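The values are calculated or read from the model by the stated rules, or taken from the named source; none is laboratory data. Please read all numbers here as calculations on a predicted model, not as lab measurements. Here the Cβ positions follow ideal geometry from the backbone for every residue, glycine too, while neighbour counts run over all protein chains shown.
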Amino acid sequence: MMKTPFSSKVLSTFLIASLAFLHCAGATLNQQAKNMKYKLEPLEYANNALEPYIDADTIALHHGKHQAAYVDKLNAAIESDASFAPDLPLELLLADLQNVPEKIRTAVRNNGGGVWNHTFYWRTLSPDKSEMSNSLKKAVDETFGSPEEMWKKIVAAGVGHFGSGWVWLGVNANGELKICATANQDSPIMGNAISPCGIIPILTLDLWEHAYYLKYQNRRQEHLEKLWDIINWKRVSERYENALKTGKTSL
Ligand code: MN
């Protein structure tokens, strides 16, 4: 029979105490680090609130796994460079990627874009019906003929975009409405060097397959057409008016 230096009771007590200590130390460190980190913004509605247009499983994965992974990878990239400790809202970090150290710039672009674009997207959608403001409706009519015609053009731009990315509605430097698509997690807020859209975004739709594949499989067009019914027009109108007034993006 093997002899052990400790009785199993002593050993297990020691192990439990050690694990408890490590757990507490880890929690404290995580808490301190978290205060400096970019965070996953909670959704403004339940995972099933956008059904039947977007199913609860898709939202649970899309927000809780995909977007959460972008948050983690963004923070990991920033932490990997001790010389870089940005104390900036994410949109300002992304607006000035040239100031991000080159070795982490692509990671910040991809993952930071993934965080910001998704937050903007979730806040573009709502289970509550709302109307465009008079000024946005007027601009839509003048630019596209009608809201329905605008939606057809947004859907067409989304369907016509090859691969993953985003389709945007925004305001250009002349204050005009413009539709534009970006690749991957690129965003109009990254500036013209990365996104040639030249717009302050006011609405976005996610073109990545993870946004719709569970429910719509490969039917990107059908998915985009249906999102018409869950657009938060009140917020899009506020973003429009704020863009004209301040020249800035608002979430
Ligand atoms: Mn997505």
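Restricting attention to segment 153-164, does a residue exist that is within 15 Å of the ligand (Cβ to nearest atom), closer than 27 Å to PRO89 by Cβ and either modelled with pLDDT of 95 or more or outside any helix (DSSP H, G or I) (or both)? For segment 153-164, residues within 15 Å of the ligand (Cβ to nearest atom), closer than 27 Å to PRO89 by Cβ and either modelled with pLDDT of 95 or more or outside any helix (DSSP H, G or I) (or both): present. Would you check if there is a residue in segment 121-128 being free of Cβ contacts under 8 Å to residues at least 60 places away in the same chain and in contact with a Leu (Cβ under 9 Å, 6 or more places away or on another chain)? No, there is no match, as no residue in segment 121-128 is free of Cβ contacts under 8 Å to residues at least 60 places away in the same chain and in contact with a Leu (Cβ under 9 Å, 6 or more places away or on another chain).
Suppose the filter is assigned to a loop (DSSP other than H, G, I, E, B), away from the ligand (no atom under 16 Å from the Cβ) and either crowded, with 16+ Cβ neighbours inside 10 Å or not hydroxyl-bearing (Ser, Thr, Tyr) (or both); does MET132 pass it?
Working: assigned to a loop (DSSP other than H, G, I, E, B): yes; away from the ligand (no atom under 16 Å from the Cβ): yes; either crowded, with 16+ Cβ neighbours inside 10 Å or not hydroxyl-bearing (Ser, Thr, Tyr) (or both): yes.
Against the criterion (assigned to a loop (DSSP other than H, G, I, E, B), away from the ligand (no atom under 16 Å from the Cβ) and either crowded, with 16+ Cβ neighbours inside 10 Å or not hydroxyl-bearing (Ser, Thr, Tyr) (or both)), MET132 qualifies.
May I ask you to verify whether GLU225 is of a type in the set (D, E, K, R) and closer than 24 Å to GLN67 by Cα? Show your work before the answer.
Numbers: of a type in the set (D, E, K, R): yes; closer than 24 Å to GLN67 by Cα: yes.
For GLU225, the condition - of a type in the set (D, E, K, R) and closer than 24 Å to GLN67 by Cα - is met.
Evaluate the following for VAL155: is it surrounded by 18 or more Cβ atoms within 10 Å (Cβ to Cβ), touching a Leu at 6+ places or on another chain (Cβ under 8 Å) and in contact (Cβ under 8 Å) with a residue 60 or more places away in the chain? Taking the combined requirement at face value, the residue satisfies it. Output the residue which, of all residues in segment 37-84 that are aromatic (Phe, Trp, Tyr) and within 16 Å of the ligand (Cβ to nearest atom), is farthest from TRP208 (Cα to Cα). The extreme case among them is TYR53. Residues in segment 165-208 that are acidic (Asp, Glu), in a loop (DSSP other than H, G, I, E, B) and under 17 Å from the mean Cα position of the chain (by Cα): ASP186 alone.
Kindly check whether there is at least one residue in segment 215-227 that is surrounded by fewer than 20 Cβ atoms within 10 Å (Cβ to Cβ) and under 19 Å from the mean Cα position of the chain (by Cα).
The answer is no; no qualifying residue exists.
Here is the figure for segment 209-237: residues that are assigned to a helix (DSSP H, G or I), over 13 Å from ALA156 (Cα atoms) and within 16 Å of the ligand (Cβ to nearest atom) total 9. You will find that of GLY175, GLY198, the residue that is surrounded by fewer than 19 Cβ atoms within 10 Å (Cβ to Cβ) and free of Cβ contacts under 8 Å to residues at least 40 places away in the same chain is GLY198 and no other. Only a single criterion out of (1) touching a Lys or Arg at 6+ places or on another chain (Cβ under 8 Å); (2) farther than 20 Å from GLU241 by Cα is not satisfied by PHE144, namely (2).
Across segment 86-105, not a single residue is classified as within 16 Å of the ligand (Cβ to nearest atom), in a helix (DSSP H, G or I) and surrounded by fewer than 17 Cβ atoms within 10 Å (Cβ to Cβ).
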